[in-house]
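Here's the structure, in structure tokens; my notes come after.
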Amino acid sequence: MKGSLKKQEPYHVIHKLPPGDSPYVRAKHVQLVEKDPESAIVLFWKAINTGDRVDSALKDMAVVMKQQDRAEEAIEAIKSFRHQCSKQAQESLDNVLLDLYKKCGKLDEQIDLLKQKLRMIHQGEAFNGKPTKTARSHGRKFQVTVKQETSRILGNLGWAYMQQANYAAAEIVYRKAQQIDPEANKACNLCMCLIKQTQYAEARSVLEDILQGKISGSDDPKSRNRVEELMKELEPWESAGSSSSNPADLSLLEDTFLDGLDQLMNQWTPFRSRRLPIFEEISQYRDQLAC
């Protein structure tokens, strides 16, 4: 019976395609069924130029371009045509842009865009003013809170600073992320920042918290393996007895808005309005937050 029902399903349902016969629908068919990405890109362009589901066409085309090692072209396409997309599509386009910037090694652009996303949270524009949003990963839906999203963005910002070898900035950002939503992977990154700054005792303290299960994700095998690797990296430095206990120098940061985060962390309260307490007083730093 199940087999007969399967055969009766429409073609677009079987192949997970949108219904209809338009440039965008044909592009998805070529992409998913015919497995011809270059031809799909041509059809996605046609969809964009004819105004056919521009939100989806631009995002999907950029993803396919990235897969075809045409990330630079995808970046220019999003920048040139995102003004034709709806307001609701802008956050998804930003996420695609972040992936493209990573692909191209554009660290400054990553940092600017991540700060812009923090600014959107500050202004209540993220999540359409709601305390949670529905996210998808590997076909599974789940709820993400504003706190979790803020911590995630700060974690990505910290990683970008690490790639620039700006470990002082990365340390501060990771500490803020951990205060909001502690997580083992970000704790390991914080530990690496501390090691790079010869703060070995502090680095060991961070690893001990993971080993004692005080942080979310501490039981994850990947996190455990990484802790073991970092412990081994610490040992020779600790044996040498050289360690610095100096905190990160805020003057090394080019982002003055981070200076105010310490006093703002204590203001985080349950979601009450479109403006979030952690960013209530960052208005004075808006120039630094702007992209």
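The values are calculated or read from the model by the stated rules, or taken from the named source; none is laboratory data. Remember, predicted model here, so these are calculated numbers, not experimental data. Every residue, glycine as well, gets a Cβ built from its backbone with ideal geometry; the counts of neighbours run over all protein chains shown. We work out accessible area using only protein heavy atoms, side chains counted, and drop any ligands, DNA or RNA first. Shrake-Rupley method; radii C 1.70, N 1.55, O 1.52, S 1.80 Å.
For the structure I just gave you, tell me whether E254 is open to solvent by 70 Å² or more (accessible area, probe 1.4 Å), part of a helix (DSSP H, G or I) and at pLDDT below 95. Spelling it out, it is not the case that E254 is open to solvent by 70 Å² or more (accessible area, probe 1.4 Å), part of a helix (DSSP H, G or I) and at pLDDT below 95.
Among the residues making up the range 98-135, those that are among the small types (G, A, S) and in contact (Cβ under 8 Å) with a residue 60 or more places away in the chain are G124, G129.
Out of I215, I121, I210, report the one residue that is more than 23 Å from K232 (Cβ to Cβ) and among the aliphatic types (A, V, I, L, M). When all the criteria are applied, what remains is I121. Number of residues in the range 177-187 that are in contact with a strand residue (DSSP E or B) (Cβ under 7 Å, 6 or more places away or on another chain) and in a helix (DSSP H, G or I): the value is 1. Within the range 40-65, if we keep just the residues that are touching an Asp or Glu at 6+ places or on another chain (Cβ under 9 Å) and without any contact (Cβ under 8 Å) to a residue 24 or more places away in the chain, the residue that is least open to solvent (accessible area, probe 1.4 Å) turns out to be F44.
For the range 75-94, residues that are more than 15 Å from the chain's Cα centre (by Cα) and surrounded by fewer than 16 Cβ atoms within 10 Å (Cβ to Cβ) total 8.
Scanning the range 22-38 for residues that are in a helix (DSSP H, G or I) and open to solvent by 50 Å² or more (accessible area, probe 1.4 Å), we see that the one that is modelled with the highest pLDDT is E38.
Restricting Y161, Y200, Y167, Y174 to residues that are over 20 Å from K102 (Cα atoms), touching a Leu at 6+ places or on another chain (Cβ under 9 Å) and of a type in the set (F, W, Y) narrows the list to Y200. Is at least one residue of the range 95-110 modelled with pLDDT of 95 or more, surrounded by 17 or more Cβ atoms within 10 Å (Cβ to Cβ) and closer than 21 Å to Q178 by Cα? Looking through the range 95-110, at least one residue is modelled with pLDDT of 95 or more, surrounded by 17 or more Cβ atoms within 10 Å (Cβ to Cβ) and closer than 21 Å to Q178 by Cα.
Restricting to the range 188-233, name every residue that is open to solvent by 70 Å² or more (accessible area, probe 1.4 Å) and outside any helix (DSSP H, G or I). Residues satisfying the conditions are Q212, K214, S216, D219.
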